[in-house]
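To start, the structure under review is shown below, and the notes come after it.
The values are calculated or read from the model by the stated rules, or taken from the named source; none is laboratory data. Small disclaimer: the values here were computed from a predicted structure and weren't measured. In this analysis, Cβ positions are derived from the backbone assuming ideal geometry, glycine residues included, and neighbour counts consider all displayed protein chains.
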Amino acid sequence: MVTSVIIDDEKHARLTLRQLIRSFLGERLKVADMASSVAEGVTAIKKYKPDIVFLDIEMPVQNGFSLFSHFDEIPFHVVFCTAYEQYAIDAIRVAAFDYLLKPVSQDDLIALMDRFDKFRVSPVANRARIDTLISNFSAEGIHFNSIALPTKDGYQMEKVVDIVYCRARESYCEVHVKGQVSYFVSRTLKQMEEILPPELFFRIHKSFLVNLNYVKIYRKQENYIILHNGEQLEVAHRRSDDFLRRLTRRS
């Protein structure tokens, strides 16, 4: 059976989550311990070695992120529990972590467990995602520095500014980065559009999401662009006017 530890300074939140797990995931997931602080959580994790840690972000004395300074590698699956705050949720999604919004619903909890059963991450990859998340949270505003991209081998960490464009490939996405490197990620183009900063990326076509910093030439009559690396991408006719406005607004 999969084991877990709940770390949350609010007693009601801890008890509610434990009851939800017992009621709807009782045969799949066990709560080995609960903690009301990061210090207690570190002790519980080292004692029970859980598969999953449910971690509240905002806690007094030490916030949830300070937990990770106590571990060189992260051998457990981290699920962030938080009240709705768009910046926090966006940062967590960019780093490709699971999260639960408070109050936690049974449907979200079950869906999370289904994802956990299908996809496990190595401790090294987990550490890299944590570093990405903390780096993004330390950045000013909502301009995230890096992104964790799920690939067949785990996760690829990329600086957002190094992503040249993304191309739709059925249920996957082909990400092209600076230096003529590309690889497939387990996200759709729509999902990439949702997490990449809209002030930097524009959907020029149903198949292409492009970083505006890499656009060298726009041939409006012919409906295509030429990137600084020489590649040529089609611009959908219905997006051409909006695209031109975005380009001129940046100049």
| task | Working only within segment 194-204, note down all residues that are of a type in the set (A, V, I, L, M) and in a strand (DSSP E or B). | result | ILE204
| task | Please name all residue pairs, on different chains or six or more residues apart, with Cβ atoms under 7 Å, provided the first residue is in segment 76-96 and is within 19 Å of SER135 (Cβ to Cβ) and the second residue is of a type in the set (S, T, N, Q) and crowded, with 21+ Cβ neighbours inside 10 Å. | result | ALA91/ASN136; VAL94/ASN136; ALA95/THR132; ALA95/ASN136
| task | Test each condition in (1) closer than 26 Å to LYS30 by Cβ; (2) touching a residue at least 60 places away in the same chain (Cβ under 8 Å); (3) not hydrophobic (A, V, I, L, M, F, W, C) for ARG120 and report the one that comes out false. | result | (2)
| request: From ILE57, ILE52, ILE92, grab the single residue that is of a type in the set (A, V, I, L, M), modelled with pLDDT under 95, closer than 14 Å to LEU112 by Cβ and within 23 Å of the chain's Cα centre (by Cα). | output: ILE92
| Would you call GLU174 in contact with a Ser or Thr (Cβ under 7 Å, 6 or more places away or on another chain), free of Cβ contacts under 8 Å to residues at least 24 places away in the same chain, within 30 Å of PRO50 (Cβ to Cβ) and of a type in the set (Asp, Glu)? | no
| message | Cβ contacts < 7 Å: first residue without any contact (Cβ under 8 Å) to a residue 24 or more places away in the chain and loosely packed, with under 15 Cβ neighbours inside 10 Å, restricted to segment 18-30; second residue in a loop (DSSP other than H, G, I, E, B) and of a type in the set (Val, Ile, Thr), any location; separation 6+ or different chain. Result? | response | none
| request: For segment 132-154, enumerate the residues that are aromatic (Phe, Trp, Tyr) and either out of contact with any Ser or Thr (no Cβ under 9 Å at 6 or more places or on another chain) or surrounded by fewer than 17 Cβ atoms within 10 Å (Cβ to Cβ) (or both). | output: PHE137
